[in-house]
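Since the structure comes first, as structure tokens, the remarks are kept for the end.
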Amino acid sequence: MTGSKAKTTQVVSSRTLFSVISASSVGTLIEWYDFYIFGSLAAILSSQFFPKDNPTAALLSTLATFAAGFVVRPFGALVFGRLGDLVGRKYTFLVTLVLMGGSTFAIGLIPGYATIGFWAPLLVLLLRLIQGLALGGEYGGAATYVAEYAPEGRRGYYTSFIQTTATLGLFVSLGVILITRDALGVDKFSDWGWRVPFILSILLVAVSIIIRMRMAESPLFSKLKSEGKVSKNPLAESFGKKQNLKMVLLALFGATAGQGVIWYTGQFYALSFIQKACNIEFVQSNTIVAIALLAATPLFVVFGGLSDRIGRKGIMLAGMALGVLTYRPIYDKMYSLADVTQKQEFTDAQTINRTLAKQENGDLVTTMTTTHVYAGGLVAKEIEKNVAPAKAASVAPKPEKTKAVTLPTDDFWLMVLLVFVQVAYVTMVYGPIAAFLVELFPTRIRYTSMSLPYHIGNGIFGGLTPFIATALVATATKANEATAGSVDKPYLEGLWYPILVASVCFVIGVLYLDKKSYRTADD
């Protein structure tokens, strides 16, 4: 009879725990979806919200705006972390969800640069800053909330479900983008259909708010509050006391900075590289990344659970080391798969197609598509658009030239594998990180203390990865054009940033991180 009762209690406890994980994960997934659709649509948004006369500058401006949302995440961590340690976990990340969802919805409504000029990028930047502040408070709340429900010795496993939401959010964002683009067509999607993924997010946010309203406060924080032990000044306790500040700095430079660059290289920069450096066709490039993400996502839970048994340190540092050692050969191989200069062209199969279309404003658009076919089945299209203004006094814009490479089946799956390997590194560094951070700090200041190093590592070191890497490649390419051969393989130059950061973090982690964790008790 006693055994039966114990078993029932365990089942109820398990159901409660997974209910907590589901409620936290759904909201966090939606917030990551909101955050990622901006990055996934960077190429299109650059033409919508910035002048079109310099595509490279427009793309860099868009990536800088995207990065701005990451830069302010540490401030969001301070604001909402403090609120979470004073008021509670539940209500704090309910507020962050509303802010994130509202900002994303509003981005979908902003008129383009052609309509309101520089107000367009300014409004987008403002909303991106609000998104960053909200996300700065979201992750710490969700991770802390789940960890404070999780049983001792299983925090790595249970918090790893929260870790999957970032990758799943990117996966869902890519799915919505591809479905919308396929339903509307390329031209309509580029013109106005890109707004649909932003506007649809409000429905997802509404569902998440309903779910989170039903959540109870975490048991550890409730106990702390009932005993009158809640911190009166979480910021002062977290960063004013030498021991806690030491843990914050160690978490940043021994774990989260390296984790951040590995994460954004494997997911964001990989997509940007495939689209911009390799010129892989839009749908195929997103499909490649989506398949790799879906296949690798279970590894978050695998490595999270494994960290409960063998420790967090070894797994996280191994992921960083693998990235440092293999990024350049991986990206070199990715580039070679789409490098038409190294492939034999079937010149007899080349075709040229011209179309003429009249826009609503009367402008005539001539589109010339030249299709090249290469040995092995690779197909490359060169698309040039010329606009003839309806008004005689108007100045015709510069021709818009784009390239689109479609990989054959074997190369397509090899590209998927190369991205999958990078995402596997992400799961190694990211799967155990929530439990690692939670165990560094006591309950009374946990939300504040863990949020700051996480969001500096991910928001600044990681979030700047696409922008810095793209800028490094642009600089190397320009140098190569000025002096041919001055930079060997300029398309790989962007990788030096994540390699350097991950290397420094690896060394500090090896020297100063303990093997498993710092805090096994609740306080």
Open item on the list: Return the pair list, or none, for Cβ contacts closer than 8 Å from residues in the range 255-277 that are of a type in the set (Phe, Trp, Tyr) to residues that are outside any helix (DSSP H, G or I), at least 6 apart or on different chains.
Closed with: 264/463
TODO: Examine the range 28-51 for a residue that is more than 30 Å from residue 117 (Cα to Cα), open to solvent by less than 60 Å² (accessible area, probe 1.4 Å), part of a helix (DSSP H, G or I) and at pLDDT 75 or above, and state whether such a residue exists.
DONE: yes
TODO: Being at pLDDT 85 or above and part of a loop (DSSP other than H, G, I, E, B) is the filter; apply it to the range 87-109 and report the residue that is most open to solvent (accessible area, probe 1.4 Å).
DONE: 109
TODO: Quick one: count up the residues across the range 214-236 that are touching a helix residue (DSSP H, G or I) at 6+ places or on another chain (Cβ under 9 Å) and modelled with pLDDT under 75.
DONE: 15
Task: Options 471, 476, 502: the member that is assigned to a helix (DSSP H, G or I), more than 24 Å from residue 36 (Cα to Cα) and not β-branched (Val, Ile, Thr) - done: 476
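To keep it simple, each residue is scored yes or no on (1) part of a helix (DSSP H, G or I); (2) crowded, with 18+ Cβ neighbours inside 10 Å.
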| position | (1), (2) |
| --- | --- |
| 111 | no, no |
| 120 | yes, yes |
| 139 | yes, yes |
| 171 | yes, yes |
| 189 | yes, yes |
| 200 | yes, no |
Open item on the list: Anything in the range 291-304 that is part of a helix (DSSP H, G or I) and either open to solvent by less than 10 Å² (accessible area, probe 1.4 Å) or closer than 12 Å to residue 424 by Cβ (or both)? List them, or say none.
Closed with: 292, 293, 295, 296, 298, 299, 300, 302, 303, 304
Task: Close pairs from the range 467-478: first under 18 Å from residue 335 (Cα atoms), partner surrounded by fewer than 17 Cβ atoms within 10 Å (Cβ to Cβ), Cβ under 8 Å, at least 6 apart - done: 472/496; 474/56
TODO: Using the structure shown, decide if residue 288 is among the hydrophobic types (A, V, I, L, M, F, W, C), within 27 Å of residue 436 (Cβ to Cβ) and within 21 Å of the chain's Cα centre (by Cα).
DONE: no
- [ ] Look at residue 374 and say whether it is at pLDDT 90 or above, surrounded by 16 or more Cβ atoms within 10 Å (Cβ to Cβ) and farther than 30 Å from residue 514 by Cβ.
- [x] yes
- [ ] Could you identify the single residue in 262, 274 that is aliphatic (A, V, I, L, M) and either under 29 Å from residue 187 (Cα atoms) or assigned to a loop (DSSP other than H, G, I, E, B) (or both)?
- [x] 274
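The values are calculated or read from the model by the stated rules, or taken from the named source; none is laboratory data. Predicted model only: the values in this text are computed from it and were never measured. When we count neighbours, we look across all protein chains shown, and the Cβ atoms used for this are built from the backbone with ideal geometry, even at glycine. Note: accessible area is taken over every heavy atom of the protein model, side chains too, but ligands, DNA and RNA are not part of it. Shrake-Rupley method; radii C 1.70, N 1.55, O 1.52, S 1.80 Å.
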